[in-house]
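The values are calculated or read from the model by the stated rules, or taken from the named source; none is laboratory data. Keep in mind the model is a prediction, meaning the values are calculated, not measured. In this analysis, Cβ positions are derived from the backbone assuming ideal geometry, glycine residues included, and neighbour counts consider all displayed protein chains. Areas reflect the complete protein model, heavy atoms only, side chains present, ligands, DNA and RNA absent. Shrake-Rupley method; radii C 1.70, N 1.55, O 1.52, S 1.80 Å.
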Amino acid sequence: MATTAAMHPQTHLGSADHEPKLVNRLRDSRSPYVRAHMNNPVAWQLWDAEAIELARRYNRLIFLSIGYSACHWCHVMEKESFMSQEVASLLNESFIPIKVDREERPDIDDVYMNYVQATTGSGGWPLSVFLTPNLEPVFGGTYWPGPNSSTLSRQDTVGFVDILEKLRDVWKTQQQRCLDSAKEITRQLREFAEEGTHSQQGDRQTDEDLDIELLEEAYQHFASRYDTVNGGFSRAPKFPTPANLSFLLRLKTYPSAVSDIVGQEECDKAAAMAVSTLISMARGGIRDHIGHGFARYSVTADWSLPHFEKMLYDQAQLLDVYVDAFKITHNPELLGAVYDLATYLTTAPIQSPVGAFHSSEDADSLPTPNDTEKREGAFYVWTLKELTQVLGQRDAGVCARHWGVLPDGNIAPEHDPHDEFMNQNVLSIKVTPSKLAREFGLSEEEVVKIIKSAKQKLREYRETTRVRPDLDDKVIVAWNGLAIGALAKCSALFEEIESSKAVQCREAAARAINFIKENLFEKATGQLWRIYRDGSRGETPGFADDYAYLIHGLLDMYEATYDDSYLQFAEQLQSMFHDRGSFGRTILTHAEYLNDNFLAYVGSTPAGYYSTPSTMTPGMPGPLLRLKTGTESATPSINGVIARNLLRLSALLEEEEYRTLARQTCHSFSVEILQHPFLFVGLLDVIVGLQTTTRSVTGVFCTANLPQSVTSEGSGRLINKPDEPVSVRDMIIKKIRSEAGSTMVTSATVTSLVDIRPSHLGDFVGNQSFWLRTRNPLFKELKPSEPAKNYLMVCESGRCTMVDV
């Protein structure tokens, strides 16, 4: 759904009698990506009222260039075009060039990416669009070769200079035609973006039309496109698409109401496709086998050659899905990926010293400190000579076979247009330790030891002799929310495997939450700010994804710790404040920032959430259109995450209002979901929760005393493993998770814990469930039985049963 944003008053386009003398203004930006262009000869402007007013006053087309720090082709276009005096002269004399960081302003990027994809059939970055002074698109594309590009020699290749000259001349000679065309294109974009306007017909109280059969249709779509050789669901290039993998895994973990309709065999196959894809990725070149983390995507269908940028949102989503996959399969390869991703997120450089998480690492870097030209993947690729130099002849031979390292390199020439990978190798697992043991006449244990030692040596060599890729050190609330949620889930898994790692993940998530709460959240209004960098926050207000992903992370953190301060913060962000007044009383104050500024309506009925707020910061123009999307992309569906947050809050707090709003959000996309359910897998999960009724499993903590049968020598502590005492609270948490089972990762189940011990009933400081007990009406009247004993309260479809602990 879209509306035209209130960006600016309508003004008459100015004349070109007095041409402006443009200067590069990018040093005023906070974005590392934008600031990297401040020494270009192009007189770049910022996306602000001043630049747009220049376009109007001097009647020029705007050239809008959108990219991000880790983008390889953004750097290529800068080197070829934006450092060129020829290009700079054309841009400075005939256009108003504006540079935008898509991570700061995803709203602008989304609108014009939709346009480029609709008109060219593809998209990507850098995104290059020519706009009228009223911000309506005239022509667009992605990367165009600069004056000295080697690709210009190819037949039928149109260069950037040709495009600039053509647009300059057309604007001068056929301006009205350009304006009319741009208006028509904008009208079509608006109609195309009107998701949900015809879907919502009144306040439906039932889930008619949107039912579980849609999951079967979505499954069939992915099954028909599955790559049975390499995993994944497309040809090259291949993206991980964690949201789709999560959907396929969830099919196996839903209650039987889903498998009865989709089919048990189909649900098993769905999980098998996801697991096989995750294993292929974990073995492939898309993974950094020497350091940690995963690249954004693979150029090749077999995951062997990545574009090397590492994005925070990818690491977070992949950690989440690898945790879920391991819990289903207990496959050690998947657990290895979990450790790898958790380590990447909890160490420098992606973990910020201030406690939050940075945005990304670049794809390009200097091969050595003495080089002046960056190369793609220089930090990550290896020659056989280097392996031999660092590891010695025997170990290099073993590791070369293990990782597929060849004397002349393992990157095909067709994937090396700039000759950056000659004799270089991207590491991926080609031969298993068991096969290597037979091949080299060694024990498998010795092979594993050689590989482990080699990783350490190569990591040390890489860190000391190479230049690490540039870091985009912005803190983005939305992406931090994804990382918080993933680390919270990971900590719960590690509690059963390695307690120190669980603490590390949980503390990293907690620090990020505290940082956001202290620096990017205004309690008085409920507003988030999107960006923090270089000691202070930026002026970009939070977008819907900032609220959606952070609330999601807080709810995951609550279910990992059962500390209701995270649940309380989540509700503050989602809808309304519930603050403790005197004597622990709950005071409801209406500060519904998210709903007031993002919620769309059809008539008086809520109809999903816009991506952008209704008002922007003064002097900061909004987008051409306000979009309301429900589909998955590189990040999860915003409306899908919000709807699931609402459903979880409804079950956790016994708040039917939230459930109604979740249903209305789903129905605002019903026409589109019915046509293409596979595009809306996040909303499909919510539909399951609405259809099956979310099950709530609550641990009720009544006494710190355990039955004698489960205590050790009267110590009052449960013995979980030898020499690893676990508190009574820990025992209850373990029972909660056991009762919830695998459905805990879906919208079908939520879990909670309330402490009603007499000594803790009035303790709103020490009792981590004090706020929840006052907020949820089911918990207000709970009192310990005589004799006191702990139990689970399992509620579903309006009925609750008690289960002894």
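Only one entry in LEU792, LEU778 is in a strand (DSSP E or B) and either touching a residue at least 40 places away in the same chain (Cβ under 8 Å) or crowded, with 19+ Cβ neighbours inside 10 Å (or both), namely LEU792. Please find, within the stretch 365-396, the residue that is nearest to ILE476 (Cα to Cα) out of those that are at pLDDT 95 or above and acidic (Asp, Glu). Top of the filtered list is GLU386.
Inspect all residues belonging to the stretch 167-174 and state whether any of them is touching a helix residue (DSSP H, G or I) at 6+ places or on another chain (Cβ under 6 Å) and outside any helix (DSSP H, G or I). No, the stretch 167-174 contains no residue that is touching a helix residue (DSSP H, G or I) at 6+ places or on another chain (Cβ under 6 Å) and outside any helix (DSSP H, G or I). Selection of the stretch 492-543 for residues being among the hydroxyl-bearing types (Ser, Thr, Tyr), in contact (Cβ under 8 Å) with a residue 40 or more places away in the chain and closer than 22 Å to ASP101 by Cα yields TYR532, THR540.
Any residue at all in the stretch 491-507 that is of a type in the set (A, V, I, L, M) and under 13 Å from PHE569 (Cβ atoms)?
Checked against the condition, which is being of a type in the set (A, V, I, L, M) and under 13 Å from PHE569 (Cβ atoms), the stretch 491-507 yields no hits at all.
Among the residues making up the stretch 99-134, those that are under 24 Å from ALA36 (Cβ atoms), open to solvent by 10 Å² or more (accessible area, probe 1.4 Å) and of a type in the set (A, V, I, L, M, F, W, C) are MET113, TRP125.
Note on the stretch 443-484: residues that are closer than 30 Å to ARG35 by Cβ and among the small types (Gly, Ala, Ser) total 3. Is the stretch 158-175 home to any residue that is among the polar types (S, T, N, Q), open to solvent by less than 30 Å² (accessible area, probe 1.4 Å) and over 32 Å from the mean Cα position of the chain (by Cα)? No, the stretch 158-175 has no match at all.
Only one residue in LEU91, LEU26 is at pLDDT 95 or above and either in contact with a Gly (Cβ under 9 Å, 6 or more places away or on another chain) or closer than 23 Å to PHE543 by Cβ (or both), so which one is that? Reasoning before the result, please.
Working: LEU91 fails: either in contact with a Gly (Cβ under 9 Å, 6 or more places away or on another chain) or closer than 23 Å to PHE543 by Cβ (or both).
Of the residues listed, the single one that is at pLDDT 95 or above and either in contact with a Gly (Cβ under 9 Å, 6 or more places away or on another chain) or closer than 23 Å to PHE543 by Cβ (or both) is LEU26.
The set of residues in the stretch 651-672 that are within 24 Å of the chain's Cα centre (by Cα) and either more than 19 Å from THR605 (Cα to Cα) or part of a loop (DSSP other than H, G, I, E, B) (or both) comprises SER668, PHE669. Evaluating GLY682 against the criteria (1) of a type outside the set (A, V, I, L, M, F, W, C); (2) at pLDDT 95 or above; (3) open to solvent by less than 10 Å² (accessible area, probe 1.4 Å); (4) within 30 Å of TRP125 (Cα to Cα) leaves one unmet condition, (3). Residues that are of a type outside the set (Gly, Ala, Ser), open to solvent by 50 Å² or more (accessible area, probe 1.4 Å), touching a residue at least 60 places away in the same chain (Cβ under 8 Å) and touching a Pro at 6+ places or on another chain (Cβ under 6 Å) occur at least once in the stretch 458-477. Name the pairs whose Cβ atoms lie under 6 Å apart, with the first residue in the stretch 621-638 and more than 21 Å from PHE130 (Cβ to Cβ), the second part of a helix (DSSP H, G or I) and open to solvent by 30 Å² or more (accessible area, probe 1.4 Å), and 6 or more positions between them or separate chains? Once the first residue is more than 21 Å from PHE130 (Cβ to Cβ) and sits in the stretch 621-638, its partners that are part of a helix (DSSP H, G or I) and open to solvent by 30 Å² or more (accessible area, probe 1.4 Å) give THR631/LEU679.
Every residue, every condition in (1) at pLDDT below 95; (2) open to solvent by 60 Å² or more (accessible area, probe 1.4 Å), yes or no:
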site	(1), (2)
SER199	yes, no
ARG225	no, yes
ARG235	yes, yes
SER280	no, no
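Scanning the stretch 526-559 for residues being open to solvent by less than 10 Å² (accessible area, probe 1.4 Å), in a helix (DSSP H, G or I) and touching a Ser or Thr at 6+ places or on another chain (Cβ under 7 Å) gives a total of 1. Put simply, of ALA316, ALA337, ALA342 the only residue that is of a type outside the set (Phe, Trp, Tyr), without any contact (Cβ under 8 Å) to a residue 60 or more places away in the chain and crowded, with 23+ Cβ neighbours inside 10 Å is ALA337.
Matching residues to (1) more than 22 Å from ALA301 (Cβ to Cβ); (2) in contact (Cβ under 8 Å) with a residue 12 or more places away in the chain; (3) surrounded by fewer than 17 Cβ atoms within 10 Å (Cβ to Cβ):
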{"position": "THR372", "(1), (2), (3)": "yes, no, yes"}
{"position": "VAL381", "(1), (2), (3)": "no, yes, no"}
{"position": "VAL390", "(1), (2), (3)": "yes, yes, no"}
{"position": "ALA396", "(1), (2), (3)": "yes, yes, no"}
{"position": "ALA400", "(1), (2), (3)": "yes, yes, no"}
{"position": "PRO417", "(1), (2), (3)": "no, yes, yes"}
{"position": "ASN423", "(1), (2), (3)": "yes, yes, yes"}
{"position": "VAL426", "(1), (2), (3)": "no, yes, no"}
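One residue alone among LEU647, LEU594, LEU627 is over 30 Å from PRO787 (Cα atoms), in contact with a Phe, Trp or Tyr (Cβ under 9 Å, 6 or more places away or on another chain) and open to solvent by 10 Å² or more (accessible area, probe 1.4 Å), and that residue is LEU627.
Looking only at the stretch 355-383, count how many residues are assigned to a loop (DSSP other than H, G, I, E, B) and touching a helix residue (DSSP H, G or I) at 6+ places or on another chain (Cβ under 6 Å). Matching residues across the stretch 355-383 total 4. Across the stretch 497-520, a minimum of one residue is classified as in contact with a Gly (Cβ under 9 Å, 6 or more places away or on another chain), outside any helix (DSSP H, G or I) and among the hydrophobic types (A, V, I, L, M, F, W, C). Contact annotation: residue pairs with Cβ atoms under 6 Å, 6 or more positions apart or on different chains, pairing a residue in the stretch 726-738 that is under 17 Å from GLN768 (Cβ atoms) and touching a residue at least 12 places away in the same chain (Cβ under 8 Å) with a partner that is open to solvent by less than 20 Å² (accessible area, probe 1.4 Å) and of a type outside the set (Ser, Thr, Tyr), are ILE732/GLY699; ILE732/PHE701; ILE732/ASN790; ILE736/VAL697; ILE736/GLY699. Within the span defined as the stretch 470-484, every residue fails to be modelled with pLDDT of 95 or more and more than 30 Å from LEU528 (Cβ to Cβ). Within the stretch 478-492, does at least one residue satisfy the condition of being over 16 Å from the mean Cα position of the chain (by Cα), surrounded by fewer than 24 Cβ atoms within 10 Å (Cβ to Cβ) and either polar (S, T, N, Q) or not in a helix (DSSP H, G or I) (or both)? No; the residues of the stretch 478-492 include none that is over 16 Å from the mean Cα position of the chain (by Cα), surrounded by fewer than 24 Cβ atoms within 10 Å (Cβ to Cβ) and either polar (S, T, N, Q) or not in a helix (DSSP H, G or I) (or both). Counting the residues of the stretch 384-421 that are in a loop (DSSP other than H, G, I, E, B) and over 21 Å from ASP362 (Cβ atoms) gives 9. Every test in (1) more than 20 Å from the chain's Cα centre (by Cα); (2) on the phi < 0 side of the Ramachandran plot; (3) at pLDDT 95 or above is passed by ILE350 save one, and that test is (1).
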